[in-house]
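What follows is a set of notes on a single structure, which appears directly below.
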Amino acid sequence: MSSEYFDKKNRYSWKSLLKNSFSGHQNWPQARRMATLQSQYDVIIIGGGGHGLATAYYLAKEHNVGKIAVLEKGYLGGGNTARNTTLVRSNYLWEDAANLFEHSLKLWEGLSADLNFNTFFSQRGVFNLGHNLQDMRDIERRVNANTLLGIDAYVLNAQEVQDKIPILDCSKRSRYPILGASWQPRGGIAHHDAVARGFARAASHLGVDLIENCEVIGMDIAEGRIQGLETTHGYVKANQVGVVAAGHTSVLANMAGLRFPIESHPLQAFVSESMQKVLDTVVMSNAVHGYLSQSDKGELVIGAGIDSHLGYGQRGSPHLIEHTAAAIKELFPQFSRVRMNRQWGGIVDTTPDASPIISKTPIKGLYFNCGWGTGGFKATPGSGHVFAHTIAHDEPHPLNRAFTLERFSTGRLIDEHGAAGVAH
């Protein structure tokens with residue numbers, strides 16, 4: 001797949017880098033168009049984070065749906081896309097979830113070339129540690145399930161883990177001895193801002209209007225169908241509306257008179273000072289309750305579980321930071337003197353089965369993509385791809401057919417609490 005929609009002037013390459021170096025890099029074209037809200041669109045996406053931008057990009061690229069706009073109440077990529085730990089993996093337990101995340105992982109592998117934008121996707125592998133016999137039984141079950149689906153996954157014993165991560169404390173004297181781990185070599189990390197900017201630039205070049213500081217404050221619904229939206233920029237007509245608002249899903253659903261089985265929780269993370277490269281993979285531990293990687297700048301990027309209370313505040317509780325830091329020290333005692341640079345929180349919407357909702361609604365032309373919990377970033381391209389298909393065809397893509405709203409009434413849940421990892 002190539003980025004043929006970029007002309008010679010706008011395409012990033014080593015030739016354009018060399019050419020612009022002669023002018024001191026003063027003449028680069030704008031990365032994207034500055035758009036204003038029009039009176040009518042064929043499709044409007046509410047939410048200008050990674051998932052919303054990816055949805056608009058794939059709608060414009062693969063589906064002939066007419067005029068498209070993305071409405072973002074803040075700035076593009078300023079919500080959960082900018083507030084996560086950027087992990088990418090696909091080693092989920094159940095077939096529906098594993099296939100969806102694997103679809104996303106395959107898109108990640110060609111995304112920089114597709115967008116003509118470096119997303120800094122680094123396949124450095126992901127380890128899920130096991131600290132007791134039940135952990136190892138769960139790991140073996142999940143690895144076997146992944147293997148049957150053709151997803152790369154391995155069970156390692158403690159010595160094999162130690163060989164691959166020399167600085168990890170695998171000794172028997174540790175409080176939570178490590179018995180082994182699952183390992184997905186194709187997992188890794190990417191750069192959150194680059195992903196948002198890459199999708200925004202590509203969508204803009206395909207004609208999508210990206211409208212920032214435009215909050216949706218009401219929905220116009222008549223005769224069972226979406227007619228338009230009330231926004232802080234005025235009223236706009238729309239034939240179809242896709243909602244990808246992460247932690248604020250329930251707010252948008254309430255405007256449509258819908259109730260979703262989701263809860264919004266703060267989720268926080270923090271990073272350390274920059275230091276020499278010492279960790280070249282991603283390490284997660286459900287039992288000790290923490291996970292970390294090291295960024296290309298040398299910072300330790302650390303995350304843990306959601307705050308138990310509900311709320312829309314983009315900050316977390318101090319005791320959770322302390323708990324997470326203690327967990328990381330159990331795994332890596334040598335990090336005990338590392339100073340933390342900054343901390344932030346996002347808002348995640350969680351479902352009862354720890355799996356997302358990518359679905360039509362009882363209102364014609366209105367679609368929701370939500371409930372990703374802590375797994376949203378890794379699914380960014382796949383989520384956008386299947387959601388775009390769902391909107392364009394008014395039918396779910398085969399990969400998100402199981403992730404409907406109706407599963408909470410039929411009982412066909414996709415319980416991924418174990419594979420969802422540390423956080424929820």
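The values are calculated or read from the model by the stated rules, or taken from the named source; none is laboratory data. From a predicted model like this one, the values you see are computed outputs, not experimental measurements. Neighbour counts are summed over all protein chains in view; Cβ atoms, including those assigned to glycine, are modelled from backbone coordinates with ideal geometry. Only protein heavy atoms, including side chains, enter the accessible area calculation; ligands, DNA and RNA are left aside. Shrake-Rupley method; radii C 1.70, N 1.55, O 1.52, S 1.80 Å.
Looking across region 285-309, the residues that are in a strand (DSSP E or B) and open to solvent by 10 Å² or more (accessible area, probe 1.4 Å) come down to Tyr291, Val301, Ile306. The residue that is most open to solvent (accessible area, probe 1.4 Å), counting only those in region 112-132 that are farther than 30 Å from His205 by Cβ and not in a strand (DSSP E or B), is Asn132.
Restricting Gly79, Gly50 to residues that are open to solvent by less than 80 Å² (accessible area, probe 1.4 Å) and at pLDDT 95 or above narrows the list to Gly50.
For beta carbons closer than 8 Å, sequence separation of 6+ or different chains, a first residue in region 248-272 that is on the phi > 0 side of the Ramachandran plot and a second that is open to solvent by 10 Å² or more (accessible area, probe 1.4 Å) and not hydroxyl-bearing (Ser, Thr, Tyr), the qualifying pairs are Gly257/Ile221.
Taking the residues in region 251-272 that are open to solvent by less than 40 Å² (accessible area, probe 1.4 Å), of a type outside the set (Phe, Trp, Tyr) and farther than 16 Å from Asn84 by Cβ as candidates, determine which candidate is nearest to the chain's Cα centre (by Cα). If we take residues in region 251-272 being open to solvent by less than 40 Å² (accessible area, probe 1.4 Å), of a type outside the set (Phe, Trp, Tyr) and farther than 16 Å from Asn84 by Cβ, then Ile262 is nearest to the chain's Cα centre (by Cα). Residues that are touching a residue at least 40 places away in the same chain (Cβ under 8 Å) and within 21 Å of the chain's Cα centre (by Cα): does region 229-237 have at least one? No; the residues of region 229-237 include none that is touching a residue at least 40 places away in the same chain (Cβ under 8 Å) and within 21 Å of the chain's Cα centre (by Cα).
Condition test on Thr350, is it among the β-branched types (Val, Ile, Thr), closer than 26 Å to Met255 by Cβ and at pLDDT below 95? Answer is yes for this residue.
Taken residue by residue, region 329-343 has at least one member that is over 22 Å from Ile262 (Cα atoms), modelled with pLDDT under 90, part of a strand (DSSP E or B) and of a type outside the set (S, T, N, Q).
Scanning region 328-344 turns up one or more residues that are surrounded by fewer than 22 Cβ atoms within 10 Å (Cβ to Cβ), over 23 Å from the mean Cα position of the chain (by Cα) and farther than 23 Å from Tyr176 by Cβ.
Could you tell me whether Glu95 is within 18 Å of Ile358 (Cα to Cα) and touching a helix residue (DSSP H, G or I) at 6+ places or on another chain (Cβ under 8 Å)? Spelling it out, Glu95 is indeed within 18 Å of Ile358 (Cα to Cα) and touching a helix residue (DSSP H, G or I) at 6+ places or on another chain (Cβ under 8 Å). Scanning region 31-72 for residues that are of a type in the set (A, V, I, L, M), assigned to a helix (DSSP H, G or I) and either free of Cβ contacts under 8 Å to residues at least 40 places away in the same chain or more than 23 Å from Leu252 (Cα to Cα) (or both) yields a single hit, Ala60. Of Thr351, Thr361, all but one fail to be open to solvent by less than 50 Å² (accessible area, probe 1.4 Å) and in contact with a Gly (Cβ under 9 Å, 6 or more places away or on another chain); the exception is Thr351. Kindly establish whether Glu109 is touching a residue at least 24 places away in the same chain (Cβ under 8 Å), open to solvent by 40 Å² or more (accessible area, probe 1.4 Å) and in contact with a helix residue (DSSP H, G or I) (Cβ under 8 Å, 6 or more places away or on another chain). No, not satisfied. Listed conditions (1) modelled with pLDDT under 90; (2) open to solvent by 30 Å² or more (accessible area, probe 1.4 Å) are all met by Leu37, apart from (1).
Which pairs do you get when a residue that is over 14 Å from Val271 (Cα atoms), found in region 310-339, comes within reach of a residue that is of a type in the set (D, E, K, R) and open to solvent by less than 20 Å² (accessible area, probe 1.4 Å), reach meaning Cβ atoms under 7 angstrom, with the pair 6+ apart or on two chains? Cβ pairs passing all conditions: Gly316/Asp307; Ser317/Asp307; Leu320/Asp307. Residues satisfying the criterion are present in region 160-174 (criterion: within 30 Å of the chain's Cα centre (by Cα), within 23 Å of Glu109 (Cβ to Cβ), open to solvent by 50 Å² or more (accessible area, probe 1.4 Å) and not aromatic (Phe, Trp, Tyr)).
So how many residues does region 133-159 have that are closer than 23 Å to Asp280 by Cβ and open to solvent by 50 Å² or more (accessible area, probe 1.4 Å)?
4
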